[in-house]
Amino acid sequence: MLDTAFLRSALTGAPSSTGSAPATRALRAGWREGLALINLRGDPADAAFLDAAKQALRVALPLDAGTARDGTALRIVRVGPDDWFVIGGHGEADALMRRLRTGLAGLHAAATDVSSGYTVLRLSGDPVREVLAQGCPLDLHPRAFRAGQAAGSHWFRASVWLWQLGDEPGFELLVRRSFMGYVWLMLQQVSAECGLTTGS
Amino acid sequence: MSRTAAPKANTSAAGEMTPTTSMSHRLPQGGLVQRDRVLDFRFNGRAYQGLRGDTLASALLANGVHLVARSFKYHRPRGILSAGVEEPNALVQLGEGASTVPNARMTEVPLVDGLVATSVHASPSVEFDLRAVNGWFSRLMPAGFYYKTFMASQAAWHFFEKHIRRASGWGESPRERDPDRYDKRFAHCDVLVAGGGVAGLSAALAAGRTGARVIVCDEQQAFGGWLLSSDEQVDGLAAAQWVEQVLDELGRMPEVQVLARTTAFGYHDHDFVTLAERRADHLPAGERPVYRERLWKVRAKQVVLATGAHERPLVFADNDLPGVMLAGAVSTYVRRYAVVPGRKAVVFTNNDAAYDSALALHAAGVPVLVVDAREQPQGALSARARAAGIELLPGGVVTEARGGKHLRSVLIQRLDAQGRLGDAPREVDCDLLAVSGGFSPVIHLHCQAGSKPVWSDEDAAFQPGAAAQSERSAGACRRRMDLCDAAREGHAAGSAAATASGFDGATGRAPAVAAMAVGTQRTLWLVPHRAGAARAPKQFVDLQNDVAASDLLLAVREGFESIEHVKRYTAMGFGTDQGKTGNINGMGIVAQALGKPVPQVGTTTFRPNYTPVSFGLVAGLELGEGFDPVRTTAMHAWHVAHDALFEDVGQWKRPWYYPRPGEDLHAAVGREVLAVRNAVGMLDASTLGKIDIQGPDAATLLNWVYSNAWSKLEVGKCRYGLMLDENGMVFDDGVTVRLSENHFLMHTTTGGAARVLAWLERWLQTEWPHLKVYLTSVTDHWATTALAGPRSRDVLMKLCSDVDFDDAAFPFMSCREATVAGVKARIMRISFSGERSYEVNVPAADGARVWGAIHEAGRAFGITAYGTETMHVLRAEKGYIIVGQDTDGSVTPVDLGMGGLVAKTKDFIGKRSLARPDTSRSDRKQFVGLLTDDPGIVLPEGAQVLAGEPGAIPTPMAGHVTSSYASPTLGRSIALALVKGGQGRMGERVHVSTRDGRSVTATIANPVFYDPKSERQHA
C-alpha cells in the first residue's frame, strides 16, 4: 500500500522530505496544480472552427503533429488530428469555457473542462532527460525533441503528454490525476542516485 | 576495502598473511593489474589474495588453484578453461545471502576486496566430491540414460526423480528478497557498436568523429578485447596504451556514450538492442552506486557488431582435466594478468594463432612444446616461435591427457594426412596444455537479428551472412583474425554506419597495426584415439553438460541426423554457457559421422539472451508498490485517515469497508448496510468511468451501442443502459445522463472505463466516421460522492440551497446543476442500493473538501461511510448485476431477465446475435436468486448448482452461484446465480455443491430480494 504521508504530500504538492542531493545535480520536480485545462475537439479542415477557436483563444491552434503553441497566457498542445489541450492559468477555466462555448456555438466542436482530470508535473535540472528515459521510450535528445514539440507517450505505466520548456533541460508532463501518487512514487525511485528536490 | 602490499604488518588470522608471495604463479612484473592494490578474497572457505584488475579466475590461477569445479553429470574435476564469457567450467556461487549470484563465470567476475565465492555443484567439496562415483559408472550412463531408465515407468520416475533432481543443477537462487535495486534506460543512437576490441573501438572512433550519436559497449571489465592480451602495437603505441588514448578521445565526444561492463545480450526487431550494464559488483562495498545493474533498451539507426570470436577447444581423451586451457586464455593470463598457469607447457593446435600462447609462455620463462596438427605450419606466429627456438612437433596430435585432479602428462602421436594415427604414443610431462581448435565468430547478435549465417570451409566456422536488419559485422566476428584487418574493417564499418544514419563527416584514418599472416588451419573435429571413440577415455565436447564425442556418435547410431535432435538427445549446448565452446565441435563430429558437410547437419538457432541476465534487471524498478500503477481518488487520504481497508478494482484502490475497533468484515458491513437502509450512507463512487459525449449524432451513437433506446430521453434525465458486444453478450452497463440536446455523460463500470472508450472510438473511427460525435474521458475530472438512504436528501439540503429537492421537482433518474458546499456540482438522483440516493459530482480538485463537508453535515443523521463490500450487498439485495461478476461474457440481456431493455424498433450492436437459435433457446443459463434452506449458510461464490440429486457420478451441472452474501437487511443469506432455464423454475429446490464434497439445498427465487416494487428509491 502507498505510504499515506507521502501520498498526501504528493497530492497536495507539499514538499517531500527526500530532497537532500546538491541542487545543481538533483532533479527538481513539482506539481503545478489548479491550471485551467480544456480539451478541445473539432475538425481541422473546417475553417470556421479554426477561426472561431482562434478568436476565442486569441492564438491559432497548432495543426502539425507533435506540436504545442504558446500564446500570451495559454499553451495549446495538439494531441490528435482533431484534439487539443488548452492550458491556461489558475482559475481561468470558466472564462475559457465561456469564450469557447460562445465562439463555437453552432459548430460541430466540443470543449470540455478537464482542469481537475489532469495535473501538470514540472521537471527540471540536469538529470531530467535521464530520469525521463528511465520510463519513457521517446527520444528526447535535443536533436530529436525541441521546445515547441509535444508528444503523447508513457512514463513507466502512466500515460502522459509531455513537452519541453524553452531550451532549458526542463519538461512538463500532463498526468492523469489518479496517477499522481504512482508517478511521484516512481519519481522517488528513479531519482535515488541523482537526488530529488521538490518545488517547480 | 583494499590496502597496499608493503610495508605490511603481520595479520592476525593464520593463513592470511604474506600476500604477494602467496601468489605463487604471479610474474614479478608486467600485466594490467595494480600491484599496489592487494585484495583479500575467499574461495571455498579458504583465504587468498589477488590484485586489483584481476578476475576471480586470474586471482585463483595466480595462487596456483586450478581445480575449481566439479562437472555436472559425472562430477569430474574441472579447471578454468577460458578467460572470458565462453567459460563452461568455472561457475561459482558469488556472495552470500540475499545478494548472492548463482553460476557466475569466474573468468568474468571482477575481484573486489572481501569477495566470497564457492564452487557450484560439488558436495561436499571440489577436492572430495562424493558423487564423483558417477564417473566410474559413466560407461553405464550414456546419452538418453535417464530417459530410457527412469521414464520407462511412471512409478519408477516418481521414485528416482527426487534423487536425480538433488544430484543435478548448478547454483542456488537467493531465498531472500534481493536488497539491490536495478534500473532501466531507454536510449536512442545513430550508431550502436557492440564490442570494444580493436574493431569496435575503431568503429566507434570513426562514427563518433562524424558527430553521430554513438553508444559503444563492451562486456569485459576493460575495453580493448584481444588488445589487452596482445603485445602488438597500434598507431605506434603499446596496445593497452592505444586503448587508453581511444577512450580518452571518445570521452571528449559529447554525443558518444561509452559503456563498460555492458553486454549486448539481445538483438530484437527494428534494431532494438538490449544491453545489461553491471555497475556495482566491481566496486568496493562502500563505493557502489544505487542501481546495481542497468538495462539499456537501445533503438539504434545502425548497429556495428564487433563481437569477436571464441576459441574452440580440441576434442581428445580426458581433455577436461584441470590444466587444459584455451591457448588464447593462456596468452591473456600471462600478458594481461601476469599469471603463469603452469610451469611446463604443451601447446596443441590446428592453427597458427595458438603460437601466441607459446610465445607468451616462452617470454615468461615457461618451457613449451608445440604440437601442431598441421604438417607444414604456416603463418607469422609459428615463424616467430621457430625463430625464438620454441620446440615444435608438426603433424602431431595430443590423443590423451593424463592426471588425477590436475594434468600430469599428455600422450602425443603423429596423425597423417588421412587421419591415421602413427606409431606408439610418446608421453610428455606437463602441467599446462594450451589448446586451440580454431575460432567461432560470435555471430549470436547477428543471428538474433534474423540474419542467416554462412559456413566457411576455410576456417571451419560460421560467419555472418547477409544482414537482415541495419547491422554490419566487423573484425574477428567476420573471421578477420589479424588485428590490422580488424582495425581497418572496424573503421570502415563505423564510417559506413555513420553515413547510413545521416552523418558523412570526416572519420579520420584507420588505426595502423602491422599486418600479419594468419596462416592456415587443419580441420580437426575429433582427435582419434587408439582405442576408438567408444572405448577411449571420454573426449568431451560440451564440458558444462558433460557431453562427450561418444554420446554424439551414439545419437547418430540411434538415428538422429539433425543437429537440433542430437542436441536435445544429448543436452549438448543446453547449459548456462549455451555451448559457446562446444557446439561447433559437436556439429563437426556429427557431420563427420554422417559424412555430410556441417551446414547440412543444420545450424543451431541463436536466441536472446547471449548470456544469462538477472531477474532484477528484467524487473527494474517496477516492483512492489511500483509494480502496477495504484490509482487513487481525490478522497483517498480521508479513507486512509478513517481506517478504510482497500480493495483493488482494476488499478484503483477503493475503500472496501471501514472497520471500527474490534469489527471484522461481517460486523462492519452489517453496520454499514443497515445505516444505508435506515439512515444515510456515503460512498466514494469517483472510480466509475465517465465519458463526455458531444455532437449532433450523440443520441444516435448511444442508440447503436446500447441495447435500449435513447432518442426520447429528456434533457436532465438519466437512463440505465446495457452495452452488448457483437455476439449479443453484455459487456458493460451504466447510467447515462442527457445534459443538453447534443451532450451526454456516460458512466461505465470502474474496470471497463478504458475498454468502453476504446470500443466507442473504434466504432466511430472505423465503421461510423460519418457520425458527428466527440468523446472525452472525464473519469479523473469528477469526484463523486454517492449519498444513499432515507435521510440522504436531508443531508444534501443542508449543503445545497439552489435546487428544489421536492420529489416532483427532482424525481428519481434526473440530474440537476447545483452548488454543494459552495462548489459547482452536478447531482444525479440515481441508485445502486435501492434507496433514495443522490450522486454529487464535483471537480476532483474540490472532491476531498466536498466529501468532508457532506460527512460533517451528515453527522446529525448518523451518516456512515461505506465501501465496496457494502455496496455489493446492497445491490445484491436488490438483484442488481455487476458486469464481470454476475456476467462472464456469455450472458445476454434476456438471460439476465432484462429483456425489457432490448429495443425492438431500432438497430444496435449485438441485435442480430440475439435472434440466433442459441441465444433464443429457453434452457440457457438465466439469472435467478437462490435462498438456502438454512438461512445461516452463505454459499461459496462459484459453487455449482447441480442438475439432479447429489452423489451421481458424473453429476450434470445446471449453473453456478455468481454472488453470495449474508444480508443484514433480511437477516439471512442470499445468492445470485446463473441456472439453466432458471426463470421458469421459480420455487424449485436445487442442490448446490460445496468445496468439501457435500451439497446444500436451496430454492430458486426472484433475484430481487428486497423492496421488489422499488418503492424506496422513488420516495
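Points worth noting:
- Of all residues making up segment B:691-742, the number that are out of contact with any Leu (no Cβ under 6 Å at 6 or more places or on another chain), among the hydroxyl-bearing types (S, T, Y) and open to solvent by less than 10 Å² (accessible area, probe 1.4 Å): 2
- Some residue of segment B:561-575 being at pLDDT below 95 and touching a Pro at 6+ places or on another chain (Cβ under 8 Å): yes
- Every residue from segment B:383-408 that is more than 21 Å from B:S331 (Cβ to Cβ), of a type in the set (G, A, S) and surrounded by fewer than 19 Cβ atoms within 10 Å (Cβ to Cβ): B:G395, B:G403, B:G404
- Whenever a residue of segment A:109-123 is of a type in the set (D, E), its partners that are open to solvent by 10 Å² or more (accessible area, probe 1.4 Å), lying with C-beta atoms within less than 6 angstrom and at least six residues away or across chains, give the pairs A:D113/A:A93; A:D113/A:M97.
- Being open to solvent by 10 Å² or more (accessible area, probe 1.4 Å), within 14 Å of chain A (Cβ to nearest Cβ) and modelled with pLDDT under 95 is a property that holds for B:G624.
- Inspection of segment B:384-400 identifies at least one residue that is touching a helix residue (DSSP H, G or I) at 6+ places or on another chain (Cβ under 7 Å), in a helix (DSSP H, G or I) and under 17 Å from B:C430 (Cβ atoms).
- Any hit, segment A:71-94, residues being modelled with pLDDT of 95 or more and of a type in the set (S, T, N, Q): no
- Residues satisfying the stated conditions in segment B:885-912, i.e. in a helix (DSSP H, G or I) and touching a Ser or Thr at 6+ places or on another chain (Cβ under 6 Å): B:L901
- Restricting attention to segment B:859-907, the residues being open to solvent by less than 40 Å² (accessible area, probe 1.4 Å), basic (K, R) and farther than 26 Å from B:K1013 by Cα number 1.
- Residue match in segment B:675-684 (condition: crowded, with 19+ Cβ neighbours inside 10 Å, within 11 Å of chain A (Cβ to nearest Cβ), not aromatic (F, W, Y) and not in a helix (DSSP H, G or I)): no
- Filter result for B:L787 (surrounded by 18 or more Cβ atoms within 10 Å (Cβ to Cβ) and away from chain A (no Cβ under 14 Å)): yes
- Checking each residue in segment B:192-223 for being within 14 Å of chain A (Cβ to nearest Cβ) and farther than 21 Å from B:L617 by Cα picks out B:T210, B:G211, B:A212, B:R213, B:V214.
- Residue that is farthest from B:S614 (Cα to Cα), among those in segment B:270-285 that are in contact (Cβ under 8 Å) with a residue 24 or more places away in the chain and open to solvent by 20 Å² or more (accessible area, probe 1.4 Å): B:H270
- Annotation for segment B:336-346: no member residue is touching a helix residue (DSSP H, G or I) at 6+ places or on another chain (Cβ under 9 Å), of a type in the set (S, T, Y) and without any contact (Cβ under 8 Å) to a residue 40 or more places away in the chain.
- Scanning segment B:637-664 for residues that are under 15 Å from B:T864 (Cβ atoms), at the interface with chain A (Cβ under 10 Å from one of its Cβ atoms) and of a type in the set (A, V, I, L, M) returns no hits.
- Residue satisfying condition, being buried (at least 22 other Cβ atoms within 10 Å of the Cβ), over 30 Å from B:D1011 (Cα atoms) and among the aromatic types (F, W, Y), within set B:W768, B:W759, B:W782, B:W763: B:W782
- Residue within segment B:998-1007 that is in contact with a helix residue (DSSP H, G or I) (Cβ under 8 Å, 6 or more places away or on another chain) and under 26 Å from B:V894 (Cα atoms) present: yes
- Test: residue in segment B:424-437 that is without any contact (Cβ under 8 Å) to a residue 24 or more places away in the chain and surrounded by fewer than 20 Cβ atoms within 10 Å (Cβ to Cβ): yes
- Residue that is surrounded by the fewest Cβ atoms within 10 Å (Cβ to Cβ) [pool: residues in segment B:353-370 that are assigned to a loop (DSSP other than H, G, I, E, B) and in contact with a Lys or Arg (Cβ under 8 Å, 6 or more places away or on another chain)]: B:P367
- Test: B:D794 is within 14 Å of chain A (Cβ to nearest Cβ) and touching a helix residue (DSSP H, G or I) at 6+ places or on another chain (Cβ under 8 Å): no
- Apart from one condition, B:E375 fits all of (1) within 20 Å of B:D318 (Cβ to Cβ); (2) open to solvent by 30 Å² or more (accessible area, probe 1.4 Å); (3) touching a residue at least 24 places away in the same chain (Cβ under 8 Å); the exception is (1).
- Counted as qualifying within segment B:274-335 are the strands (runs of 3 or more DSSP E) with 3 or more residues that are of a type in the set (A, V, I, L, M, F, W, C), namely B:291-305, B:324-326.
- When B:P950, B:P940 are checked against the criterion of being of a type outside the set (A, V, I, L, M) and out of contact with any strand residue (DSSP E or B) (no Cβ under 6 Å at 6 or more places or on another chain), B:P940 stands alone in meeting it.
- Number of residues in segment B:637-674 that are of a type in the set (K, R) and open to solvent by less than 30 Å² (accessible area, probe 1.4 Å) equals 1.
- Selection count where residues are part of a loop (DSSP other than H, G, I, E, B), closer than 17 Å to A:W163 by Cα and more than 13 Å from chain B (Cβ to nearest Cβ), scope segment A:34-67: 6
- Candidates in segment B:604-621 are the residues that are open to solvent by 40 Å² or more (accessible area, probe 1.4 Å) and assigned to a helix (DSSP H, G or I); of these, the one that is farthest from the other protein chains (Cβ to nearest Cβ) is B:F615.
- Qualifying residue in segment B:575-591 (condition: open to solvent by 30 Å² or more (accessible area, probe 1.4 Å) and either within 14 Å of another protein chain (Cβ to nearest Cβ) or assigned to a helix (DSSP H, G or I) (or both)): no
- Neighbours by Cβ (under 9 Å, 6+ apart or cross-chain): first from segment B:837-861, within 14 Å of chain A (Cβ to nearest Cβ); second open to solvent by 20 Å² or more (accessible area, probe 1.4 Å) and modelled with pLDDT under 95: B:A845/A:E33; B:A845/A:G34; B:A848/A:L11
- Test result for B:L295, open to solvent by less than 10 Å² (accessible area, probe 1.4 Å), under 23 Å from B:E86 (Cα atoms) and aliphatic (A, V, I, L, M): no
The values are calculated or read from the model by the stated rules, or taken from the named source; none is laboratory data. Please read all numbers here as calculations on a predicted model, not as lab measurements. Glycine also receives a Cβ, built like all others from the backbone with ideal geometry; neighbour counts cover every protein chain displayed. Just so you know, the surface numbers come from the protein's heavy atoms only, side chains and all, with ligands and any DNA or RNA stripped out. Shrake-Rupley method; radii C 1.70, N 1.55, O 1.52, S 1.80 Å.
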